[in-house]
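**Q** Here it is: the structure, laid out below.
The values are calculated or read from the model by the stated rules, or taken from the named source; none is laboratory data. No experiment lies behind these values; they were computed from the predicted model shown. Ideal geometry is used to build each Cβ from the backbone, glycine not excepted, and the neighbour counts take in all protein chains shown. To get the accessible areas, we keep the full protein, side chains included, count just its heavy atoms, and leave off ligands, DNA and RNA. Shrake-Rupley method; radii C 1.70, N 1.55, O 1.52, S 1.80 Å.
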Amino acid sequence: MTQNIKSPSMSGESTAYYVGGTTAYGDALFNNHLIGDLSSQGMPDTNHTEVNKYHNFTYDVYFYGTNLGASEALEFDVNQFFDSMGFIWGHECRVANGNDWAIWDNVNSKWISTGIPCYPNNNAWNHLTIKVARTSSNQLQYQSITLNGVTSTLNWTYGHGSAPSSWWGITINYQMDGNSKQTPHTAYLDELTFTYQ
């Protein structure tokens with residue numbers, strides 16, 4: 001990961017993410033703790049009164065790649081952990097693996113194909129907005145995926161997973177999955193915003 005990239009950039013300080021190496025299908029995971037333990041935003045929630053009260057989340061980001069076809073998948077996740085419960089709203093744009101969106105089933109620990117196409121534009125900025133929610137009965141709801149102005153509504157609901165009792169926080173992930181040849185490639189992220197309520 002390299003920050004403050006001037007070009008390509010929308011803001012003048014994008015972040016470059018690179019994956020390569022020699023291990024086929026090797027991945028690179030980048031994680032940011034927003035609220036709770038290890039908060040990067042100065043919101044540690046040491047009294048455990050904040051993390052568990054939020055239910056609606058939006059992950060909004062622009063991404064750019066010069067060789068996106070070399071990626072097995074690009075993954076964008078929202079995570080919430082409290083009271084030994086784990087909520088992982090995983091979203092995977094399968095590029096070299098079928099050009100569709102898959103979402104994460106926490107209970108069965110597997111990806112579920114949505115049938116929603118994912119064809120990001122190469123050599124151009126792509127705008128992605130993901131909306132998810134935690135229901136009043138503590139289920140994960142995948143609400144919608146919007147890529148380059150096209151919104152696909154899901155409103156699919158799944159059970160939550162478990163987490164160590166010591167985990168307390170809201171985090172986001174970005175992950176790059178290498179292909180069968182582990183072709184080196186770089187993606188750039190910019191103008192990332194995360195909203196919660």
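**Q** For the chain, give the percent of accessible area contributed by carbon and sulfur heavy atoms, probe 1.4 Å, rounded to a whole number.
**A** Accessible surface attributable to carbon and sulfur in the chain totals 46 percent.
**Q** Continuing with this model, one more query. On average, how much area does the Cα convex hull of region 1-111 cover when viewed from any direction, in nm²?
**A** 9.1 nm²
**Q** Which of the aspartates and glutamates could a cross-linker span from Lys181 if the Cα-Cα distance has to be under 18 Å and same-chain partners fewer than 8 positions apart are dropped?
**A** Straight-distance partners of Lys181: Asp27, Glu72.
**Q** Could you rank the peptides 33-46, 80-93 by their average count of other C-beta atoms within 10 Å per residue, with the highest value first?
**A** Output ranking for 33-46, 80-93: 80-93, 33-46.
**Q** Another question about this same structure. Tell me, rounded to the nearest percent, the portion of alpha carbon pairs in region 66-176 spaced more than 24 Å apart.
**A** Distances greater than 24 Å cover 25 percent of the Cα pairs.
**Q** Let me spell out the model: positive unit charges on the Cβ of Lys and Arg, negative unit charges on the Cβ of Asp and Glu, origin at the Cα centre of region 45-160. What dipole size does that give, in debye rounded to 20?
**A** The dipole magnitude comes to about 220 debye.
**Q** State to the nearest 20 debye the size of the charge dipole of the chain about its Cα centre, where the only charges are +1 on K and R beta carbons and -1 on D and E beta carbons. Let's see the in-between values first.
**A** Working: 7 positive and 16 negative charges, 45 e Å.
Dipole magnitude for the chain comes out near 220 debye.
**Q** Per residue and in Å³, how big is the convex hull formed by the alpha-carbon atoms of region 85-142? Please list the in-between numbers first.
**A** On the way: hull volume 5.5 nm³, N = 58.
Looking at region 85-142, the number lands at 94 Å³ per residue.
**Q** If you find the alpha carbon centre of region 144-197 and of region 74-135, how far apart are they in angstrom?
**A** Centre-to-centre (Cα) distance: 5 Å.
**Q** Using the Kirkwood radius built from alpha carbon pairs, what does the Stokes-Einstein equation give as D for the chain at 10 °C and 1.306 mPa s, in µm² per second?
**A** Answer, rounded: 92 µm²/s.
**Q** Give the accessible surface of region 1-143 per residue, rounded to a whole number of Å², with probe radius 1.4 Å and ligands, DNA and RNA excluded.
**A** On a per-residue basis, region 1-143 sits at 46 Å².
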